[in-house]
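Written out below as structure tokens is the structure these notes cover.
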Amino acid sequence: MALNTNYVERVDLLVNEAATGSYRTVKGGTYIWSAEGTFSSATLQLQAKNANGTATDITGASLAAAGFVSVLLGADAEVRVAVTGSPTGIYSSLVAVP
């Protein structure tokens, strides 16, 4: 039986970007964070907004090349991808683990 993906949450964080993205709100739970594109020695860091509005790095959620990372996020978390360096054509998304 095939997995019904109609209920799976997917949030695009960067779409053909080269700079830090905007915050997106997710439901919360376990996610797979992915990124791909031309990194050109850049680093991507998944961040969450704290209650006081400060961006905080999510431990273990950093990529210097295309890849995937599993992350656990709280309910209604506001997340973004911070970009350091000068990449091009970066795509990044979060997909909930059902």
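Peptides 28-36, 53-61 ranked from most to least packed give 28-36, 53-61, packing being the mean of other C-beta atoms within 10 angstrom over each peptide's residues. The apolar share of the surface of the stretch 1-79, taken as the fraction of accessible area on carbon and sulfur atoms (1.4 Å probe, ligands and nucleic acids excluded), comes to 49 percent. Estimated at the nearest 10 Å², the accessible area of LYS49 is 80 Å² with a 1.4 Å probe.
Diagonalising the gyration tensor over the Cα atoms of the stretch 18-98 and scaling each eigenvalue by 5 before taking the square root yields semi-axes of 20, 14, 10 Å, largest first.
Largest accessible area first, the listed residues SER92, SER62 line up as SER62, SER92 when surface is computed with a 1.4 Å probe on the assembled protein chains. Ligands, DNA and RNA are left out, and with a 1.4 angstrom probe the accessible area of the chain is 57 Å² per residue.
Only protein heavy atoms count here; under a 1.4 Å probe, ARG24 has an accessible surface of about 90 Å².
Placing a label point 7 Å from the Cα of VAL97 along the Cα-to-Cβ line, the residues of the stretch 54-88 whose backbone N sits under 16 Å from it are 59-62, 68-75.
The values are calculated or read from the model by the stated rules, or taken from the named source; none is laboratory data. As the structure is a prediction and not an experimental result, all values here were calculated from the model. No Cβ is skipped: glycine too gets one built from the backbone with ideal geometry, and neighbour counts run over all protein chains shown. Surface accessibility is based on the protein's heavy atoms, side chains included, excluding ligands, DNA and RNA. Shrake-Rupley method; radii C 1.70, N 1.55, O 1.52, S 1.80 Å.
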